[in-house]
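The values are calculated or read from the model by the stated rules, or taken from the named source; none is laboratory data. Everything quoted here is computed from the prediction, not taken from an experiment. Reconstructed Cβ throughout: ideal geometry from the backbone, glycine too, with neighbour counts over all protein chains shown.
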Amino acid sequence: MFNSLTPPGFSIIRKRHTGVTDVLIFEAVINETPVQETAIRIDESLFLRIAAEDSEAFYILYKKCSPAVYAYALSILRNRTDAEDAMQETFLKIRSAAHLYKPQGKPLAWILTITRNICLMMFRQRSRTAPMDENPPMPDPGLDQISNAEDRLILEKAFTVLPEDTCTIIMLHAVSGMKHREIAGFLDLPLSTVLSKYSRGIKRLKRELGVMP
């Protein structure tokens, strides 16, 4: 049974999420090889088990999906602390809404849609509380706490030089192992657009990092 206040594994999430970004993003981008050797495969029966308050199923889903959820949130929010909060809110929402999941063969897209909605809500909250300023300073992304220096460097570069949609495509492919066709379907973009943005983004990052002539 779930504890009414703290979902199983969330004390672990808070301790372990710093490792989500320590997944050799640098190597994944430079070598154009996803960290996940294969796409994330989710047993859709996990949602039924989570709806029945099966804590083991909840933890299995977290272990499988947390890197992709975090990377996606980070690509949108561009702030490490906010992305961590969005990841936690995503799994809280999954816990409470698992009974609404309808098997359609796209469980990761369902999860990332929740993440996207949470990120948009956080943006709206930011806009309501932020002071009026024609040239507001860029928020500190908080990447200094990422222990892998190369990962930290590539994320800083990605957030500085790449458009949000390009950054999102690269993060989804590099961290979650999503295929370009899957990313196109999730983002509702033509496959050719995803391939073009990914290719241009990778080349731009390589030039910025000095690993491409």
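Show the residue pairs that are 6+ apart or on different chains and have beta-carbon atoms under 7 Å apart, the first residue being within region 191-206 and without any contact (Cβ under 8 Å) to a residue 12 or more places away in the chain, the second being surrounded by fewer than 13 Cβ atoms within 10 Å (Cβ to Cβ).
Short answer, once both residue conditions are applied: 191/181; 203/212.
For region 174-213: of the residues being at pLDDT below 80 and farther than 27 Å from residue 65 by Cβ, which is surrounded by the most Cβ atoms within 10 Å (Cβ to Cβ)?
Only one residue fits best here, namely 209.
Kindly indicate whether any position in region 83-101 is at pLDDT 95 or above, among the acidic types (Asp, Glu) and either under 15 Å from the mean Cα position of the chain (by Cα) or assigned to a loop (DSSP other than H, G, I, E, B) (or both).
Yes, because at least one residue in region 83-101 is at pLDDT 95 or above, among the acidic types (Asp, Glu) and either under 15 Å from the mean Cα position of the chain (by Cα) or assigned to a loop (DSSP other than H, G, I, E, B) (or both).
Of all the residues that make up region 194-213, how many are in contact with a Lys or Arg (Cβ under 8 Å, 6 or more places away or on another chain) and outside any helix (DSSP H, G or I)?
1
Take region 86-128 and flag every residue that is surrounded by 15 or more Cβ atoms within 10 Å (Cβ to Cβ), over 16 Å from residue 74 (Cα atoms) and in contact with an Asp or Glu (Cβ under 6 Å, 6 or more places away or on another chain).
107
For region 58-83, what are the residues that are small (Gly, Ala, Ser) and either touching an Asp or Glu at 6+ places or on another chain (Cβ under 9 Å) or surrounded by fewer than 18 Cβ atoms within 10 Å (Cβ to Cβ) (or both)?
If the condition is that a residue be small (Gly, Ala, Ser) and either touching an Asp or Glu at 6+ places or on another chain (Cβ under 9 Å) or surrounded by fewer than 18 Cβ atoms within 10 Å (Cβ to Cβ) (or both), then 73, 75 are the ones that fit.
Would you confirm, using the coordinates I've provided, whether residue 39 is touching a Gly at 6+ places or on another chain (Cβ under 6 Å) and at pLDDT below 95?
yes
Of everything in region 40-55, what is farther than 19 Å from residue 88 by Cβ and out of contact with any helix residue (DSSP H, G or I) (no Cβ under 7 Å at 6 or more places or on another chain)? Give them in sequence order.
Result: 41, 43, 45, 48, 52, 54.
I'm trying to understand the selection: among the residues of region 174-193, which are within 17 Å of the chain's Cα centre (by Cα) and assigned to a helix (DSSP H, G or I)?
Those that are within 17 Å of the chain's Cα centre (by Cα) and assigned to a helix (DSSP H, G or I): 174, 175, 176, 180, 182, 183, 184, 185, 186, 187.
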